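A short worksheet on the structure shown next.
The values are calculated or read from the model by the stated rules, or taken from the named source; none is laboratory data. Model, not experiment: these values are computed from the prediction. Backbone-built Cβ (ideal geometry, glycine too); neighbour counts: all protein chains shown.
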Amino acid sequence: MARGGRRSKASLSQDVQALQSEVAELRAALAEMAVILQRLDDDVRAGSADTLPLYLGYAERLRVDTETSVSAVKAIEEQIAELKDVVSRLPKA
């Protein structure tokens, strides 16, 4: 850490890269959830009445997981924007 508790521009840039990586992983997880939900939906539409309670349980869990993931992505993207702003205001070395 630089003096006065401030972090270096390189350290902040690394944090931005790490957060961007987390966002990419969360987006991949959301895409996977969408595929699973679509498969379950296809099963139900195909007449698998026996799977309906299971489908509804999975659908609710995926909905909650998706909402959580979307909120996490938004929070991380906000942190990235803040870090980029801080980095851009740092004096050139």
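Look at region 50-93 and say how many of its residues are under 30 Å from ARG7 (Cβ atoms) and part of a helix (DSSP H, G or I). Can you show your working first?
Start the filter on region 50-93 by keeping residues that are under 30 Å from ARG7 (Cβ atoms), which leaves 68-93.
Going one step further and asking which of them are part of a helix (DSSP H, G or I), we end up with 68-89.
Adding up the residues that qualify gives 22.
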* Asked: If you take the residues in region 52-93 that are aliphatic (A, V, I, L, M) and without any contact (Cβ under 8 Å) to a residue 40 or more places away in the chain, which one is farthest from GLN17 (Cα to Cα)?
  -> LEU52
* Scan region 31-49 residue by residue and report those that are modelled with pLDDT under 80, among the small types (Gly, Ala, Ser) and assigned to a helix (DSSP H, G or I). => ALA49
